[in-house]
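The values are calculated or read from the model by the stated rules, or taken from the named source; none is laboratory data. Everything quoted here is computed from the prediction, not taken from an experiment. Cβ: placed from backbone, ideal geometry, glycine included. Neighbour counts: every protein chain shown. These area figures cover heavy atoms from the full protein model, side chains too; ligands, DNA and RNA do not enter into them. Shrake-Rupley method; radii C 1.70, N 1.55, O 1.52, S 1.80 Å.
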Amino acid sequence: MNDKNTRSDTTSRRFISLGQVMDMGLYKLSTHIVPLAIGIFCVMALAFWPSQFNSASPEILQIRALPQSAEVSQPEQALAATNVQTPSLFLDTDLSVNPFWISFSVDPKLTPQAQVVEFPSRHTTGIECWAGRPLQAVGSGNRSKTNGAISAVKSGFSLTLDPALIGSPVVCKASSSGPARLSANLWNLDDLQEAEKQFHRKSGLLDGGVLVLAAFVLITAYINRKSLYVLFAAWLIVNLRMGALSAGWDTQWLGSTIPENTLMVTRAVTLALYYILTLTLFTSLFRDELKKVGHPSILLATRLSCLPILALAVLLPYGDFLPIIWVTSGIGIALLAFLLARILTLTRSRVALYYSASIAVSLLASLYEVIAASLGIHALLGSINSVTAALSASLLTALAISEHIRLEHNERLAAQAELEHTYDAMPIGLFTLDLNGRFLSANPALVQMLGPLVLTDEGNRWTGYFSPDDWNRLHKMVNNRSQDEMEIRGRQIPGFIDTKRFFVKATLARGKIEGSLQD
């Protein structure tokens with residue numbers, strides 16, 4: 001019988017050991033091997049596998065352009081006036097809200113399939129085109145609607161040319177708001193449709209990625225009751241809109257088209273809120289470090305500029321507001337960079353390091369946009385400025401906040417450990433009672449005064465050590481707050497010869513009685 005029990009115990013131990021080995025193996029697989037495999041899979045997809053979308057590039061047409069004037073107000077006048085202009089690949093409107101005439105023609109030698117002309121500027125608000133000999137209206141459109149051969153495509157508009165009009169002059173009048181760059185790209189229809197799919201895919205990637213991250217942060221804020229998380233979630237949404245503005249898909253939100261009369265105000269408010277929230281997030285993350293590095297006047301100056309910037313974003317036309325926010329944000333970023341450098345020098349903070357990397361990504365993306373725009377590079381603009389910059393900056397800022405929270409957590413643990421050490425080492429008896437007179441906690445000094453049973457079920461009653469009258473006096477003292485101390489005499493305790501007298505201080509806190517007992 002004993003041999004049978006022994007074999008049974010041995011078998012049970014083997015099964016338990018096997019289960020422990022399997023648990024450990026599955027844990028290692030799930031936490032190490034699977035994430036590594038996913039990372040390798042992603043690298044292979046990005047580096048070696050063919051793209052799902054056609055990466056064909058358009059033919060950039062030479063255009064001739066000039067602003068509309070009283071002398072040049074009709075298409076025929078515009079065609080004659082632009083014919084004497086020097087052709088170029090683009091024209092910068094320099095924040096002008098005055099309409100511009102542009103003219104071009106499509107070389108018949110190009111493939112007959114290349115019959116769609118794209119006007120890609122995200123700042124173009126409306127366009128009207130004429131083509132043929134003589135010139136005839138072929139279509140028009142704005143951010144609300146289009147008709148004829150004009151269609152809304154990606155961040156701008158497109159003109160579908162009838163094959164019979166290829167080789168004929170085309171004249172268009174474009175209205176803009178903001179720093180528009182007027183250009184004309186000739187596409188194969190199929191290639192343009194593929195490019196538009198890729199454009200909307202990147203838009204969905206940015207919207208979905210950042211919105212899910214923001215939702216997760218908001219849930220975390222609700223659970224942990226941390227206002228910093230709410231601030232970060234708001235910053236993420238505004239950062240999303242900044243990326244959308246850079247890439248040109250800020251004309252929609254959650255699949256709905258923003259009305260034209262609201263779009264420009266939305267853009268200006270987005271820029272202002274990004275400035276304000278970035279400053280607020282910075283000061284929240286580095287509140288303690290900023291006290292060490294000094295320069296409070298710098299932060300005061302940037303804070304004082306926030307509300308006027310927001311008011312100007314609502315009141316001024318978008319073109320007039322842009323130079324103000326450019327100058328203000330440029331100065332603000334320079335000041336924050338100076339303070340970040342001081343923090344990194346004095347504290348070697350990893351929070352500052354991650355946040356510096358986030359700002360660097362945003363600045364480099366903006367610098368790339370300026371360089372690419374000046375050189376006429378268009379292929380990578382959407383990918384780098386919106387998806388890469390916005391997501392990378394968001395993730396780096398999330399790392400900074402996570403590191404900040406980790407440091408706060410470690411500081412709380414250290415403070416709690418120090419408090420527990422002080423509580424245990426205190427020579428005065430410290431206790432917590434519920435409202436029924438049961439001891440909920442007691443430090444070693446109190447246990448030494450009242451005996452080892454003070455926290456056990458059979459010995460945790462106040463009236464087991466003191467008289468009921470003393471309990472009534474204590475209850476009255478903490479509720480009426482007429483006094484916060486009194487003297488009581490202990491009952492006869494087994495193992496002790498005489499009764500003892502104690503000095504009690506107590507108060508009512510969070511539905512419990514917190515107090516001290518001194519012999």
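Miscellaneous remarks
- Pairing each residue of region 452-464 that is more than 15 Å from Asn436 (Cα to Cα) and in contact (Cβ under 8 Å) with a residue 24 or more places away in the chain with any residue that is outside any strand (DSSP E or B) and of a type in the set (D, E, K, R), provided the two are 6+ apart or on different chains, yields no C-beta distance under 6 Å.
- Restricting attention to region 193-202, the residues being in contact with a strand residue (DSSP E or B) (Cβ under 8 Å, 6 or more places away or on another chain) and of a type outside the set (A, V, I, L, M, F, W, C) number 1.
- For Ile63: the one exception among (1) open to solvent by 30 Å² or more (accessible area, probe 1.4 Å); (2) at pLDDT 90 or above: (1)
- Residues that are surrounded by fewer than 17 Cβ atoms within 10 Å (Cβ to Cβ) and farther than 21 Å from Arg181 by Cβ, drawn from region 82-115: Asn83, Val84, Asp107, Pro108, Lys109, Leu110, Thr111, Pro112, Gln113
- Among the residues making up region 1-47, a single one is open to solvent by 100 Å² or more (accessible area, probe 1.4 Å), closer than 30 Å to Asp191 by Cβ and modelled with pLDDT of 80 or more: Phe41.
- Being modelled with pLDDT under 90, aromatic (Phe, Trp, Tyr) and under 45 Å from the mean Cα position of the chain (by Cα) holds for only one residue in Phe104, Phe53, and it is Phe53.
- Taking the criterion of being without any contact (Cβ under 8 Å) to a residue 40 or more places away in the chain and part of a helix (DSSP H, G or I), the residues of region 300-319 that qualify are Leu300, Ala301, Thr302, Arg303, Leu304, Cys306, Leu307, Pro308, Ile309, Ala311, Leu315.
- Qualifying residues in region 404-442 (those that are among the hydrophobic types (A, V, I, L, M, F, W, C) and part of a helix (DSSP H, G or I)) - the one farthest from Leu285 (Cα to Cα): Ala425
- Of the residues examined, Asp162 is one that is surrounded by fewer than 18 Cβ atoms within 10 Å (Cβ to Cβ) and in contact with a Gly (Cβ under 9 Å, 6 or more places away or on another chain).
- Region 257-275 - residue that is within 15 Å of the chain's Cα centre (by Cα) and farther than 13 Å from Ile237 by Cβ and, of those, surrounded by the most Cβ atoms within 10 Å (Cβ to Cβ): Leu271
- Boolean, Ala244 is among the small types (Gly, Ala, Ser), touching an Asp or Glu at 6+ places or on another chain (Cβ under 6 Å) and open to solvent by less than 20 Å² (accessible area, probe 1.4 Å): yes
- Flag for Trp130 being aromatic (Phe, Trp, Tyr), open to solvent by 30 Å² or more (accessible area, probe 1.4 Å) and touching a residue at least 24 places away in the same chain (Cβ under 8 Å): yes
- In the set Leu189, Leu213, Leu218, only one residue is under 32 Å from the mean Cα position of the chain (by Cα) and open to solvent by 50 Å² or more (accessible area, probe 1.4 Å); that residue is Leu218.
- Summed over region 165-180, the residues that are touching a residue at least 60 places away in the same chain (Cβ under 8 Å) and surrounded by fewer than 21 Cβ atoms within 10 Å (Cβ to Cβ) give a count of 7.
Conditions tested, residue by residue: (1) part of a helix (DSSP H, G or I); (2) open to solvent by less than 90 Å² (accessible area, probe 1.4 Å); (3) modelled with pLDDT under 75.
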{"position": "Leu474", "(1), (2), (3)": "yes, yes, no"}
{"position": "Met477", "(1), (2), (3)": "yes, yes, no"}
{"position": "Met486", "(1), (2), (3)": "no, yes, no"}
{"position": "Gly495", "(1), (2), (3)": "no, yes, yes"}
{"position": "Phe503", "(1), (2), (3)": "no, yes, no"}
{"position": "Leu508", "(1), (2), (3)": "no, yes, no"}
